[in-house]
Every structure is written in structure tokens, then in C-alpha cells.
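Encoded as C-alpha cells, the structure appears first; notes follow it.
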Amino acid sequence: MDRLIHTSLSAMKAAMARQAVTANNLANASTTGFRAEIASVRPLWLKGAELQDRAFASEEVTAADMQGGAVIDTGRPLDIALQGGALLTVQAEDGDEAYTRRGDLIVSDSGLLTTGDGHPVVGDGGPITVPPSDRVTINSDGSIWIVPAGGDPNAPQQIDRLKLASATGSTVVKQIDGLFRVKDGGALPADPEARLTLHALEGSNVNPTTALVDMIDASRAWDTQVKMLTTAREMDADTANLMKLPS
């Protein structure tokens, strides 16, 4: 009986994790450059001196769907959409390099170039700082050009270049902050062939309809396990009644 109960509890935990992943995907269905998270189930064996004859299910985020989202023209000079599998290099909160597909760039009051969610954008020389200027433009190769404040608009100056990284041959994983990092640490090499679509943004690749179906499926899986627990309780009660001595 205890095996049935623990099996149901294990399946309920997996259903809860699946619902959490699906809910997060739905919440980011309109987030720029978001990549849908993928959860998978793996067995966790109980280890001991005896034979390992029982395994619990552990459902967790192991990867992300790297298919591209729809590219929408915005007309904004600092909006970029990365072509192919290129990744934009940013500085994470811990100071390490991380990567994103988010291209809604802004210049902060201090001149720091950041993504829309506040992560500093990294260039050839580290985090990019834009000096006071009348105009800032980004070319398709990631080079950043400005017209200095009061300068000649026909003589722009290049100040840096976005580090567009390639994940080819490397394993990247998505972290809880939504950024990608190299598995087991390290940094991705810059890709000189990477190109940008200018004045446009790549949307989320989450399919809301599919996510809703997944949510319903996870909810039904939860209900099934609750019914199984109820059945186990009834069986346990019936067994206890059979074992009672007649009064």
C-alpha cells in the first residue's frame, strides 16, 4: 500500500512542476525574445543496502525550445532581432557573461547600454557605455555608431560592437533568471558572421494554445493521482476492517 501512495505523491510532484513550467511559459507569451522552457521527467532511485527497487519521478526544467519567434518591425533605432542561432552577450547580476535573445536595447541615464530587463550589454571591451550623443545607430553586424553631441551628422563614429555569440559546439542551459549560460561555466566565442535584423524585435516562441493544452493535461494528471490516493485510503480502511477480530 505504501508503494501506491508514494508513487502517487511522486506523480503529483511531477504534475506540479509541469504546471509551474507551463504557467511560466504562458506568463511570458508576450516577452521579447523569450524561449519556452522544456521540462522532462527523470527517475530518482532510492539508494540503500538493499536492492534499488523503487524510483520517484522528478520533473524539472532541462532545456529550452530554441525555435525562433515572430520578428516584428518596430521602427525603433535600438531594437534588434538576432538572426539564426546567434545570442546577445550580456552581464548577469553575478558579473559573469550570460546570453539572451532579447533585443529591446535602451541607453540608461548613466549611458550604459542595457536590455529591456536591465542587463548590461557586452561588447568587445566589456559592458558598453554610450557617450553623450545626438544619434545612436546599430549596424547589421552589431557595430554601434554615434553622432557625438553637437557633432557632424555626416561623420558618425564607431564606439564598440555588440558581442554576438555562437553556441555551435557548446552546451548552453537556461537559468532561473531567464538568461542562457554555458553548462559547467565558461564563455561562448564571438561569431563574426552573426547578423541582426534592424529596427525589429523577435517575440516569444511560446504557443499559447499549446501551453493551455499542457496546463489542462497537467491538471488532469493531478486529479488522477488524487483519485488514486483516495482509492488507496479506501483499500487501507477495508483491509483494516477485515483484520478486526469479532467482538
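Each row is one residue, and each column tells you yes or no for (1) among the β-branched types (Val, Ile, Thr); (2) modelled with pLDDT of 65 or more; (3) touching a helix residue (DSSP H, G or I) at 6+ places or on another chain (Cβ under 9 Å); (4) open to solvent by 30 Å² or more (accessible area, probe 1.4 Å).
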{"residue": "Ser8", "(1), (2), (3), (4)": "no, yes, yes, no"}
{"residue": "Val21", "(1), (2), (3), (4)": "yes, yes, yes, no"}
{"residue": "Glu59", "(1), (2), (3), (4)": "no, no, yes, yes"}
{"residue": "Ala63", "(1), (2), (3), (4)": "no, yes, no, yes"}
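Please find, among Leu78, Leu26, Leu82, the residue that is more than 29 Å from Ala237 (Cα to Cα), modelled with pLDDT of 90 or more and touching a helix residue (DSSP H, G or I) at 6+ places or on another chain (Cβ under 7 Å).
That would be Leu26, the only listed residue that is more than 29 Å from Ala237 (Cα to Cα), modelled with pLDDT of 90 or more and touching a helix residue (DSSP H, G or I) at 6+ places or on another chain (Cβ under 7 Å).
Can you pull out every residue in the stretch 132-163 that is farther than 25 Å from Thr89 by Cβ, open to solvent by less than 60 Å² (accessible area, probe 1.4 Å) and either touching a residue at least 24 places away in the same chain (Cβ under 8 Å) or outside any strand (DSSP E or B) (or both)?
Correct list: Gly151, Ala155.
Select from the stretch 95-122 the residues that are within 18 Å of the chain's Cα centre (by Cα) and surrounded by fewer than 15 Cβ atoms within 10 Å (Cβ to Cβ) and write down the one among them that is nearest to Leu196 (Cα to Cα).
Filtering first and then ranking leaves Gly118.
Counting just the residues of the stretch 67-81 that are under 14 Å from Leu105 (Cβ atoms) and aliphatic (A, V, I, L, M), which one comes out most open to solvent (accessible area, probe 1.4 Å)?
Leu78
Specify the residue that is modelled with the lowest pLDDT; the eligible residues are those in the stretch 29-46 that are under 26 Å from Val71 (Cα atoms) and open to solvent by 40 Å² or more (accessible area, probe 1.4 Å).
Per the criteria, the residue is Ile38.
The values are calculated or read from the model by the stated rules, or taken from the named source; none is laboratory data. These numbers come from a predicted model, not from an experiment. Reconstructed Cβ throughout: ideal geometry from the backbone, glycine too, with neighbour counts over all protein chains shown. Just the protein is used for accessible areas: all its heavy atoms, side chains included, with ligands, DNA and RNA removed. Shrake-Rupley method; radii C 1.70, N 1.55, O 1.52, S 1.80 Å.
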